[in-house]
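Participant: If you scroll down you'll find the structure; I have some questions about it.
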Amino acid sequence: MMATYQYKVIEVKDSLFRGKQSGQALQNVINAEASQGWKLVQIMSEDIKGRMGLGSTSGVLILFEWQTS
């Protein structure tokens, strides 16, 4: 039988990463999902112009995978 997967994307805004604890903040997000059985697949940076009015927003997208069968 072929394995099937479910995916989850979490958007983390740049404001979480300001300051010295940015690595720890990212690690906390990843560990929280891992403790629920989600596997980290990829972390991608994002910079979307005009998404929040006239300015832009930036941060990271974190992709997780869960094997359902």
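Every read-out reported here was derived from the displayed coordinates using simple, explicitly stated rules and does not represent laboratory data. Everything quoted here is computed from the prediction, not taken from an experiment. Because the Cβ atoms are built from the backbone with ideal geometry, glycine has one as well, and the counts that use them run over all protein chains shown.
Participant: What are the residues whose amide H is under 5 Å from the amide H of residue 59, where those residues sit 5 or more places off or on another chain and H is modelled from the backbone?
Facilitator: The answer is 14, 46.
Participant: Sorted by packing (mean other beta-carbon atoms within 10 Å per residue), highest first, where do 58-64, 6-12 land?
Facilitator: The densest-packed peptide leads the list: 58-64, 6-12.
Participant: Full-extension gain between residue 3 and residue 65, please, as 0.36 nm times their residue separation minus the C-alpha to C-alpha distance.
Facilitator: Roughly 21.1 nm would be gained on extension.
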